[in-house]
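In what follows, a structure is listed as structure tokens, so that the remarks can point back to it.
The values are calculated or read from the model by the stated rules, or taken from the named source; none is laboratory data. These numbers come from a predicted model, not from an experiment. So basically every Cβ, Gly included, is an ideal-geometry build from the backbone, and we count neighbours across all protein chains shown. The protein model used for the area step is the full one, side chains on, heavy atoms only, and it has no ligands, DNA or RNA in it. Shrake-Rupley method; radii C 1.70, N 1.55, O 1.52, S 1.80 Å.
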Number of protein chains: 2
Amino acid sequence: MVLRMSRLMLKTLRDDPADAETASHKLLVRAGYVRRSSAGMWIWLPLGKKVLENISRVIREEMDAIGGQEVLLPALLPREPYETSGRWSEYGDLLFRLKDRKGADYLLGPTHEEIFTQTVKDQCTSYKDLPVILYQIQTKYRDEARPRSGVLRGREFQMKDSYSFDTTDEGLAESYDLHRAAYIRIFTRLGFDFRVVSAISGAMGGSASEEFLAPAAAGEDTFVDCPACEYAANSEAVTTVVGPVKDVDHPALKEVDTPDTPTVEALAAHLGVPASAVLKNLLVKVDGEITAIGVPGDREVDLGKLAEHLAPATVELVTAEDFTGRPDLVRGYVGPQGLGIPYLADPRIAPGTSWVTGANAPDRHALNVVAGRDFDVDRYLDVVIVQPGDPCPVCGAGLALDRAIEIGHIFQLGRKYADAFELDVLGQQGKPVRVTMGSYGIGVSRAVAALAEQTHDGAGLCWPREVAPADVHIVAAGKAVQTELALDLAGKLHAAGVRVLVDDRAGVSPGVKFTDAELIGVPTILIVGRGAASGVVELKDRRTGAREELSVDEAIARLSA
Amino acid sequence: MVLRMSRLMLKTLRDDPADAETASHKLLVRAGYVRRSSAGMWIWLPLGKKVLENISRVIREEMDAIGGQEVLLPALLPREPYETSGRWSEYGDLLFRLKDRKGADYLLGPTHEEIFTQTVKDQCTSYKDLPVILYQIQTKYRDEARPRSGVLRGREFQMKDSYSFDTTDEGLAESYDLHRAAYIRIFTRLGFDFRVVSAISGAMGGSASEEFLAPAAAGEDTFVDCPACEYAANSEAVTTVVGPVKDVDHPALKEVDTPDTPTVEALAAHLGVPASAVLKNLLVKVDGEITAIGVPGDREVDLGKLAEHLAPATVELVTAEDFTGRPDLVRGYVGPQGLGIPYLADPRIAPGTSWVTGANAPDRHALNVVAGRDFDVDRYLDVVIVQPGDPCPVCGAGLALDRAIEIGHIFQLGRKYADAFELDVLGQQGKPVRVTMGSYGIGVSRAVAALAEQTHDGAGLCWPREVAPADVHIVAAGKAVQTELALDLAGKLHAAGVRVLVDDRAGVSPGVKFTDAELIGVPTILIVGRGAASGVVELKDRRTGAREELSVDEAIARLSA
């Protein structure tokens, strides 16, 4: 079917939508791919729907190639299985919840681990029925607090989610590797610049996990990239490597008066030492028990990372009331030496390192406080926010930090859901074997925005070929003879299997048509202009801008190749 | 991709699910196409998903062929536009409603007239932008009071909905006709036995409307079918034709004592007349005003039809309290003569017809009560339930009544939604023109069940070719050599473009495999059995049961043709 702009519902806009901040948001709206329905809910117009379908097709082909079986589960799901897994409450406000006419509780599925687990429990009874990889491309829901950036982070969105079911850890690793390879093929075919990085799995539970990140300024994820080796990771997943500590004979601990120095800045200035020489102690409540976290004075604690490490325990900040009746805790002057509460610390607080820290008395600090000599660390944790130049955990080079969009995520979930739903199959030895699972996601609608972010230029969108709504955009410069030739060419190219968008609008100036063609971003633009009468057309590469005059036959041969 | 049953997630069941009543529900579950998730919510397993996709593909092809443009709208929709149209409340309990984290009201879309109207208002500004036909294949929601019959009437279901936008009534009629023709092609290709019948449009509003019905015992719709001419209609849409009334000189009205005869049955027995000679008067409240409806004594009033005719007025039944202080209304003895309330009647109560009816006094009836002489009818309405043998409104022959499943519905909505949303475009004369709309639906998931109802037999499902999950189901009878040949054949057929399902399961008896093949219902079954060693296989037509022995090469040639 030749797409004719004279008939297509498409209204391009000259101005950016008022609320748009990111390039993809602006351009997808201006070029007529999407329109906002309500906050975080989007309408996919004809061109946008085609891009969505193209991405889905590539995903389907690669999922089928690794033996994935496509299914379709409901989006509206009963509460019970999400109670069983704990996610009914864990998801908090992110979950859209509702009641049916009988008052029964339902939710709109954010991901479907629970229902897939139940389905496999119903369908598979023997180890012979496994492994199995199931996937769906489906509408998902998350009630984001601040839906933004257009379709990059919507509240209703399209996602490919898949789940693997194996009887052994080796099987799970294999299913995981199949997905990893399929994802690399998918994102390569879609034309992404992407990195595969280590990740923390977050609320999904589980162990091994990697993210597929598309570097882009509009991204909400930060990742570290080693300029010297292959290492890359979500910044939350970076592990700190501490070099060997020199065996120094530190002077004895010594307390000094440091009037009015409750902050690291004030103390460092007062003593004339760098902030990194100070041991900063943050107090939190872990399951209600006051606990100190020691980090170098020039570092910030990532509370999300801390909570992640200590889960399922809850982590809260202390409040003024927590100090009532606790003369041992002196705000702004806490030190680990002789402190009677649990003490966690960043790996940089290694045994043998010496610090300036609080003396547990107002306006007093201690110098030469040595880890392992003057205090002990109960547990080392990676909880500080990574900074550019931090050492690569693999090669030690200084890490770079970049922004990226998460376009895919693969998890080895293990037996978390299988345990919750008692998913066993009969094993080879005739005994029940607990199943182990993986879960794998690709944001389909997000991929549209991420590609737009990565590939656009000053003139508009600029789609990779497999994703573009058409292969060629024919612009009929305006006269009747040109439109006629353009439509004739469109028909011939279509017959040759080329996907054609033709601008056959009457009463629209060639200038507007060229501007629209750049904005819409089909890879090749074919201009039927002045040379049309003598059978000459112009081919323009949307990305490079390279132009070439060709005869009509040459153009057809070139584009059908 | 060859579908191998040794790897497919498929568990057939020998027994019907306990809660299943209809054949499609039983067989789709038993053959492993669908599984219930919760009441009215269904999981589409791999084979079911394929059938769903096949139906969607046929619909897409035919919608594209009439110039339809595919889009995708959100399923989660804001309350406001549904307030504007009035459907937020009109839909009552059928609507799933929910609030987001900020307390804003949302609904899960049952159909999308409102949002499509808004979209076209945003995208189209001139008569030159129209006509336009937009469609989507999308998940829809209706909180049915009693979800039943499997996927035939779910609470979450797949639907193709399309909407046409025109500037003139002739344009709307053309868009409607395009859809009508496309629907006929779609249902023919899908292998349906179907009828196109006149319909009342119900809560959708609008005027011209037809339903596509698939006759089936499990259907929830009743339609009439004329055995003598082409006439067919939803039984609610049948119009009553009354023959000419003979000009008879009726005797004068005469009141008689009829003790204890408040019912038609009692009265007819007492007087020795047929029930059809009695004029029965039902009292209702129309917008609160007591109104009588006269119908022949052997007829029942369809309250739904009555409400439809009188909408937007509300219709309620009278209660005992309504008779308080109304000595003129004598329960069981009401007659239209001298009655001081509005009087509506069935067309059979034509002027000149004579009746036995109440005398508006306890235990008294009147004979020879002639319409137009002794009482007047304020308005004639078609409100009685149609019965077999009622005259065809076209040719007068006795109508037959049948059960059917509604698989499609087309409406000329007119300007109802365009008025609500003030959808105008600039007309040819430079003045705003109000747009007129059509709305058109096909139940995609329901079509799966409806086809199963129409095409199954005692052994299982029996799919039409375009819908079947595969073209051929190869059964490897069991020995290794047979499985090998079966897989080899499968590969060759797949290469020739044939969609293949192959039963290569080890340790499953040939009997079980044959039973499963019949149950699953792929059109052609190819048996690789005893003759395999000498290169002979057996082809079986699933529908007719016809079997034929062929060489492997002949089988490939036949199936690839």
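For the reader, a short list of remarks on this structure follows.
- Take the accessible area of chain B alone and of chain A alone, subtract that of the pair, and you get about 4800 Å² summed over both chains, using a 1.4 Å probe.
- Tilt relative to chain B, helix B:46-65 - C-alpha long axis, 0 to 90 degrees, to 10: 70 degrees
- Ranked order, A:Arg434, B:Arg155, B:Arg185 - accessible area, probe 1.4 Å, largest first: B:Arg185, A:Arg434, B:Arg155
- Protein-only accessible surface at a 1.4 angstrom probe places the residues A:Lys121, A:Lys540 in the order A:Lys121, A:Lys540, largest first.
- Portion, in percent, of the accessible area of the stretch A:472-560 that falls on carbon or sulfur, probe 1.4 Å: 55 percent
- Label point 7 Å beyond Cα along the C-beta direction, distances from B:Arg14 to other copies (nm, shortest first): 7.6
- Label point of A:Asp105 set 7 angstrom out along Cα-Cβ; within the stretch A:410-434, amide nitrogens under 20 Å from it belong to A:417, A:420-422.
- When the Cα positions of A:Val512, A:Gly219, B:Ser439 are compared along the charge dipole of the protein assembly as shown, A:Val512 comes out farthest toward the positive end, with charges on each C-beta of Lys, Arg, Asp and Glu.
- Label-to-label distances for A:Val508 across copies, nearest first, come out at 5.4 nm, using points 7 Å from Cα in the beta-carbon direction.
- In the assembled protein chains, A:Phe375 presents an accessible area of approximately 10 Å² (probe radius 1.4 Å).
- Counting only Cα atoms, the size of chain B along its three principal axes is 94, 66, 48 Å, in decreasing order.
- Cα lying deepest toward the dipole's positive end in chain B, options B:Pro81, B:Val552, B:Thr524, charges on Cβ: B:Val552
- Mean residue ellipticity at 222 nm, helices only, the protein assembly as shown: -7500 deg cm²/dmol; runs of at least 4 DSSP H residues each add -39,500 (n - 2.57), and the sum is divided by the number of residues.
- Rounded to 10°, Cα long-axis angle of helix A:169-189 versus longest principal axis of chain A: 50 degrees
- Chain A has one residue whose beta-carbon comes closest to the axis relating it to chain B; that residue and its distance in whole Å are A:Leu98, 2.
- Contact order normalised by residue count of the stretch A:25-164, Cα under 8 Å, 6+ apart, percent: 29 percent
- Accessible heavy-atom area order of A:His409, B:His270, A:His112, highest first, probe of 1.4 Å: B:His270, A:His409, A:His112
- Solvent-accessible area lost in complex, 40 Å² minimum, residues of the stretch B:53-80 relative to chain alone, 1.4 Å: B:Gln69, B:Glu70, B:Val71, B:Leu72, B:Pro74, B:Leu76
- Potential lengthening between A:Lys128 and A:Arg146 on full extension [0.36 nm per residue; Cα-Cα distance subtracted]: 1.9 nm
- Database note for the protein assembly as shown: Cys without another Cys beta carbon under 4.7 angstrom, A:Cys124, A:Cys462, B:Cys124, B:Cys462.
- Only Lys, Arg, Asp and Glu carry charge here, each on its Cβ (+1 for the first two, -1 for the last two); on that basis the protein assembly as shown has a dipole of about 1640 debye about its Cα centre.
- Shielding by partners - mean other protein chain Cβ count within 10 Å, residues of B:100-106: 5
- D_trans [Stokes-Einstein, Kirkwood Rh over alpha-carbon pairs] for the stretch A:254-380, 25 °C, 0.890 mPa s, µm² s⁻¹: 167 µm²/s
- The alpha-carbon positions of the protein assembly as shown define a convex hull whose volume is 260 Å³ per residue.
- Using a cut-off of 25 Å between Cα atoms, the listed pairs A:Lys160/A:Lys416; A:Lys513/B:Lys128; A:Lys416/B:Lys49 include A:Lys416/B:Lys49 as exceeding that distance.
- Normalised by 2.2 N^0.38 Å, where N is the number of residues, the alpha-carbon radius of gyration of the stretch B:472-560 equals 0.95.
- Accessible area of B:Leu178 in the full protein assembly, 1.4 Å probe (Å², nearest 10): 80 Å²
- Gain upon complete extension [B:Ser560, B:Asp376; 0.36 nm per residue less C-alpha separation]: 59.0 nm
- For A:Gly396, the distances from its label point to the matching points in the remaining copies are 10.7 nm, ordered from shortest, with each point set 7 Å beyond Cα toward Cβ.
- Carbon-plus-sulfur accessible fraction, the stretch B:1-140 (probe radius 1.4 Å, protein heavy atoms only): 46%.
- Cβ-Cβ FRET estimate between B:Asp488 and B:Thr544, R0 fixed at 22 Å, reported to 0.05: 0.20
- Under the criterion of Cα pairs below 8 Å and six or more residues apart, the relative contact order for chain A equals 18 percent.
- Separation of the B:Thr515 and B:Lys246 label points, Cα + 7 Å toward Cβ, nm: 6.6 nm
- Relative contact order of the stretch A:254-380: 29 percent, from C-alpha pairs under 8 Å at least 6 residues apart in sequence.
- Angle of helix A:113-123 to the longest C-alpha principal axis of chain A, folded into 0 to 90 degrees and rounded to 10: 70°.
- Rolling a 1.4 Å probe across all protein chains gives B:Arg558 an accessible area of roughly 110 Å².
- Alpha-carbon centroids, the stretch A:507-556 and the stretch A:402-467: separation in whole Å: 39 Å
- Between the residues B:Val34, B:His409, B:Tyr231, the greatest Cα displacement towards the positive end of the dipole of chain B, with unit charges on the Cβ of Lys, Arg, Asp and Glu, is found for B:Val34.
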